[in-house]
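Colleague: Input: one structure, supplied below.
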Amino acid sequence: MSLVNTPVKPFKTTAFKQGKFIDVSDADLAGKWSVFFFYPADFTFVCPTELGDLADHYDDFKKLGVEIYSVSTDTHFTHKAWHDSSETIGKVQYAMLGDASGAITNNFEVMRAGQGLADRGTFIVDPNGIIQAVEVTAEGIGRDASELLRKIKAAQYVASHPGEVCPAKWQEGEATLAPSLDLVGKI
């Protein structure tokens with residue numbers, strides 16, 4: 001079953017963010033756009049390139065009113081150690097959620113059976129806590145923060161313009177579509 005258009009399930013955990021341990025829960029999502037960015041494990045190979053790419057674009061996400069939550073089944077202590085020892089992860093300013101119990105990873109249905117690791121799952125969550133987009137990729141396929149930003153802009157546009165939709169490759173400022181009988185067979 002798809003998680004699109006379903007609410008984020010309740011959770012509470014400890015995260016590492018900007019040199020501190022903080023509590024994060026589903027209540028923190030209220031009123032703002034969020035991205036949950038699951039990855040298999042700290043101290044690995046593709047994962048730091050993805051988290052570093054998000055860090056490089058973090059200001060762009062913030063300008064859109066979007067908070068980033070990276071999540072792995074590592075602890076918040078492990079996140080701090082990785083942050084302190086890796087130049088790439090040292091750039092991360094968003095919350096790195098610890099999920100050692102696997103509860104959040106299971107709630108988002110990206111837990112690898114029998115491995116205790118998350119798949120590469122990306123979830124765009126609207127200000128009402130409803131999941132608007134889901135992407136899950138295989139182990140070796142890294143994600144692109146620029147494409148994630150494009151999808152968020154499209155989700156935000158559609159949310160604020162009822163009756164309009166964004167076509168393939170839509171970029172901010174480009175024409176949208178208003179679905180109607182007149183368009184059937186004309187595109």
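The values are calculated or read from the model by the stated rules, or taken from the named source; none is laboratory data. Note that the coordinates shown come from a computational prediction; the quantities given were computed from them, not determined experimentally. Counting neighbours? That spans all protein chains shown, and the Cβs are built from the backbone with ideal geometry, glycine included. Protein only, heavy atoms only, side chains kept; ligands, DNA and RNA dropped before computing areas. Shrake-Rupley method; radii C 1.70, N 1.55, O 1.52, S 1.80 Å.
Colleague: So what is the relative contact order for the range 1-123, in percent, with contacts set as C-alpha pairs under 8 Å and at least six apart?
Modeller: 33 percent
Colleague: Under a crude label model (7 Å from the Cα following the beta-carbon direction), how far is E109 from L183 in nanometres?
Modeller: The two pseudo-label positions are separated by 2.7 nm.
Colleague: Turning to a different aspect of this structure: Assuming 0.36 nm per residue, please report the length gained on full extension of the stretch D23 to K63 beyond their Cα-Cα distance. Don't skip to the end; give the middle numbers.
Modeller: On the way: separation 40, 0.36 × 40 = 14.40 nm, distance 2.35 nm.
Full-extension gain reported as 12.1 nm.
Colleague: Further question: Efficiency by 1/(1 + (r/R0)^6): what FRET value for E164 and N5, r their Cβ-Cβ distance, R0 = 25 Å, to the nearest 0.05?
Modeller: Working: r = 18 Å, r/R0 = 0.71.
Efficiency, from the Cβ-Cβ distance: 0.90.
Colleague: How do 99-107, 85-93, 116-124 rank on mean C-beta neighbours within 10 Å, highest first?
Modeller: By packing density, highest mean first, the sequence is 116-124, 99-107, 85-93.
Colleague: Excluding residues fewer than 8 places away in the same chain, name every one of the lysines whose C-alpha is closer than 21 Å to that of K91.
Modeller: K17, K20, K62, K63, K80
Colleague: Further question: Calculate how many DSSP beta bridges within the chain are antiparallel, expressed in % of all such bridges and rounded to the nearest 5.
Modeller: 70 percent
Colleague: Let me ask something additional. Using +1 at the Cβ of each Lys and Arg and -1 at the Cβ of each Asp and Glu in the chain, identify which of L29, L97, T44 lies farthest towards the dipole's positive end.
Modeller: Selected residue: L29.
Colleague: How far is it, in nm, from the label point at A30 to the one at V136 when both lie 7 Å from their Cα along the line to the Cβ?
Modeller: Going by the 7 Å Cα→Cβ label model, 3.0 nm.
Colleague: What whole-number value in Å² describes the accessible area per residue of the chain for a 1.4 Å probe?
Modeller: Spelled out: the 1.4 Å probe surface of the chain, per residue, equals 51 Å².
Colleague: Would you mind classifying the range 1-65 by shape? Square roots of the alpha carbon gyration tensor eigenvalues, ordered a ≥ b ≥ c; an a/c under 1.5 is rounded, otherwise it is prolate if a/b is larger than b/c and oblate if not.
Modeller: Judged from the Cα gyration tensor, the range 1-65 comes out rounded (a/c under 1.5).
Colleague: Can you give the relative contact order of the range 88-187 as a percent, counting alpha carbon pairs under 8 Å and 6+ residues apart?
Modeller: 13 percent
Colleague: Taking the Cα centre of the range 71-187 as origin, work out the dipole magnitude from +1 charges on Lys and Arg Cβ and -1 charges on Asp and Glu Cβ, in debye rounded to 20.
Modeller: Magnitude of the dipole: close to 80 debye.
Colleague: At a 1.4 Å probe, what is the % contribution of carbon and sulfur to the accessible area of the chain?
Modeller: 54 percent
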